Amino acid sequence: MKKITGPALLAVVLLVAACGSDDTETVDSTAAVEETTPDETPEDTTAEETSDTAPEDAAEKAVDLGADPAPSGIDQQGTAGEGMLVMNQLEPSTQEQIAEFQQPGPDGPIYMVNLLEFKEFAEYEDGRETDLTGREAYALYGEGQRDVLAMFGAEVIFEGDVTFLSIGQVDELWDEVAIVRYPSRATLLEMSASPEFIANSVHRTAGLAGQLNIETIAP
């Protein structure tokens with residue numbers, strides 16, 4: 001999960017720090033959290049009732065944030081700040097993304113920035129046994145993908161491991177960043193539907209926990 005801790009938790013930490021010195025009375029941090037909670041669960045509410053209403057509450061929050069309810073197949077998700085949603089996925093999932101992907105896009109080449117997160121161990125959809133890690137399975141995809149990209153006039157122009165987050169906060173970093181140049185968005189769409197790409201993608205889905213794929217253009 002990738003999320004930035006909210007201001008509520010920070011407020012509790014500051015309260016405990018302020019009241020925990022030798023000259024002041026120790027404050028029960030649990031009580032502080034309870035006092036800052038606006039709505040408490042009624043005593044007669046059972047755990048079963050709470051679990052039944054949780055999905056509905058999550059869907060309502062997604063609507064409030066102006067986002068689509070979380071589709072199936074999401075591997076990692078979390079909130080960042082006020083209403084910012086971070087979700088790793090393997091394919092476009094919303095109707096807006098699918099519709100935009102089919103549009104001509106910008107004139108000239110596009111540069112797709114890929115933020116990749118690997119599974120600990122590879123998991124193939126056909127159930128084959130393997131001792132590969134997620135990174136190793138994705139490396140097999142990368143080797144074959146270079147030939148596929150060349151068929152469509154595309155190329156990898158950068159790839160590297162993520163080592164440090166200098167600005168911002170996330171619970172876990174992505175594992176790798178790759179930038180791929182395509183002649184156009186239409187070329188990317190065509191490649192994604194090709195039998196060569198589909199055959200090679202078995203290693204991609206086996207190795208990836210999810211990714212962010214960001215289209216950019218040169219100034």
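So, in region 84-124, of the ones that are over 12 Å from the mean Cα position of the chain (by Cα) and of a type in the set (V, I, T), which residue ends up least open to solvent (accessible area, probe 1.4 Å)?
For region 84-124, the residue satisfying everything is I110.
Sort through G127, G134 and tell me the only one that's open to solvent by less than 90 Å² (accessible area, probe 1.4 Å), of a type in the set (G, A, S) and without any contact (Cβ under 8 Å) to a residue 24 or more places away in the chain.
Matching residue, one of G127, G134: G127.
Can you tell which of E196, E215 is touching a helix residue (DSSP H, G or I) at 6+ places or on another chain (Cβ under 9 Å), modelled with pLDDT of 95 or more and in a strand (DSSP E or B)?
E215
Mind listing whichever residues of region 192-201 are surrounded by 13 or more Cβ atoms within 10 Å (Cβ to Cβ) and of a type outside the set (D, E)?
Scanning region 192-201 gives S192, S194, F197, N200, S201.
If you scan region 129-145, which residues turn out to be touching a Gly at 6+ places or on another chain (Cβ under 6 Å) and not small (G, A, S)?
Y138
For the structure I just gave you, tell me whether L189 is under 27 Å from T94 (Cα atoms) and either aromatic (F, W, Y) or surrounded by 14 or more Cβ atoms within 10 Å (Cβ to Cβ) (or both).
yes
Search region 161-184 for residues that are within 30 Å of P104 (Cβ to Cβ) and pair each with any residue that is aromatic (F, W, Y) when their beta-carbon atoms are under 6 Å apart and the residues are at least 6 apart or on different chains.
I179/Y111; I179/F158; R181/Y111
Across region 169-193, what is the total count of residues that are in a loop (DSSP other than H, G, I, E, B) and either touching a helix residue (DSSP H, G or I) at 6+ places or on another chain (Cβ under 8 Å) or hydrophobic (A, V, I, L, M, F, W, C) (or both)?
Summing the residues that are in a loop (DSSP other than H, G, I, E, B) and either touching a helix residue (DSSP H, G or I) at 6+ places or on another chain (Cβ under 8 Å) or hydrophobic (A, V, I, L, M, F, W, C) (or both) in region 169-193 gives 5.
What number of residues within region 137-181 satisfy the criterion of being touching a Pro at 6+ places or on another chain (Cβ under 8 Å) and either more than 26 Å from A218 (Cα to Cα) or open to solvent by 50 Å² or more (accessible area, probe 1.4 Å) (or both)?
1
The values are calculated or read from the model by the stated rules, or taken from the named source; none is laboratory data. Every value quoted in this text rests on a predicted model; they were computed, and no experiment measured them. Glycine gets a Cβ as well: all are built from the backbone with ideal geometry, and neighbour counts include every protein chain shown. Just the protein is used for accessible areas: all its heavy atoms, side chains included, with ligands, DNA and RNA removed. Shrake-Rupley method; radii C 1.70, N 1.55, O 1.52, S 1.80 Å.
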